[in-house]
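Report on the structure given below.
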Amino acid sequence: MPLQYKRIMLKLSGEALMGDDAFGINTSVLEFVAAEVKEIVRMGVEPGLVIGAGNIFRGVAGASKGMDRTTADNMGMLATVMNSLAMQDALERMDVITRVMSAIPMQSVCEPYIRRRATRHLEKGRVVIFAAGTGNPYFTTDSAGVLRALEIDADIIIKATKVDGVYDKDPVREPDAIKYDHLTYSEVLGRGLTVMDAAGIALAMDDDKPIMVLNMNVPGNIRKAVCGEMVGTLISS
Ligand code: UDP
């Protein structure tokens, strides 16, 4: 099947890496995701990845216990670097050349984020993992994913989740929830659908960058999405 989207941004939540564990990184899940990424690289896709840190630390959680919010957010961003290094390791064990670029410079661990270098890596067929979010507190990795997607001119943002798209209410708790095939950015914002934080949606809307929300636990879903198959919910104008 021909590619519909050549350059993509794949946003994974930190929780997605936990699998059924209560905390941290589940090696089998990591290997599963790495294999899915390897498959699309083989097809000629240029993937950028942004990984959250909900499996390790979230700034709001620290702040709710009295921590200074900026300090807590800095810890959250550092946690994304750990997840990014783990994903790089899993990909490179599968012979997929991968670069981690951090928004917070830490040269002895990974490259600093420089947009032109990132796009060069992608052109050369390397996977690029964008670590440390946007580098700023009070943001999330959803916003970071959209921001980097705009910077590298990705054709689509794929938000990989545990459910197969966006529903009008929580499909886990409410069995009569209805799944949307397509939503506009305004509908997501207006209906308060918690698919991605509002800042990320607003940024995507500003540049008309489509977002596909899909279930990452279904093998082949990411491959189908890059070929243009409707495997989840498409958010566009
Ligand atoms: N974070 C931040 N600035 C950013 C991106 C992330 O301060 O640009 C911090 C924030 O504390 C956040 C944490 O990093 O809670 C982990 O990111 P996120 O909550 O988005 O992870 P996910 O929900 O995707 O696992």
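Bear in mind these aren't lab numbers, they're just calculated from the coordinates by the rules spelled out. These figures come from a predicted structure and were not determined experimentally. Neighbour counts are summed over all protein chains in view; Cβ atoms, including those assigned to glycine, are modelled from backbone coordinates with ideal geometry.
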Worksheet entry | Cα-centre dipole for segment 1-87 with unit charges at Cβ (Lys and Arg positive, Asp and Glu negative), debye to 20 | 280
Worksheet item: Say the cut-off is 31 Å between C-alpha atoms; which of K65/K179; K65/K224; K124/K224; K38/K179; K11/K179 go over it?
Response: K65/K179; K65/K224
Worksheet, complete the sentence: Hydrodynamic calc, the chain: Kirkwood Rh from Cα pairs, then Stokes-Einstein at 25 °C with viscosity 0.890 mPa s, so D in µm² s⁻¹ is 139
Response to the item:
Taking only Cα atoms of segment 129-225, the Rg to Rh ratio with Kirkwood Rh works out at 0.96
Worksheet item: For segment 98-148, rounded, prolate or oblate, judged on the Cα gyration tensor with a ≥ b ≥ c (square roots of eigenvalues), a/c < 1.5 rounded, else prolate if a/b > b/c?
Response: oblate
Worksheet item: Separation of segment 150-207 and segment 6-53 by C-alpha centroid, Å?
Response: 19
Worksheet item: Anyone know which of R42, R191, R223 comes out most mobile in the 10 Å Cα GNM of the chain?
Response: R191
Worksheet item: With the contact rule set at Cα under 8 Å and sequence spacing of 6 or more, what percent relative contact order holds for the chain?
Response: 23
Item to complete: Please work out, to two decimal places, the log10 of the ratio I(q)/I(0) at q = 0.28 Å⁻¹ from a Debye calculation in which every Cα of segment 193-237 carries one identical scatterer.
Response: -1.01
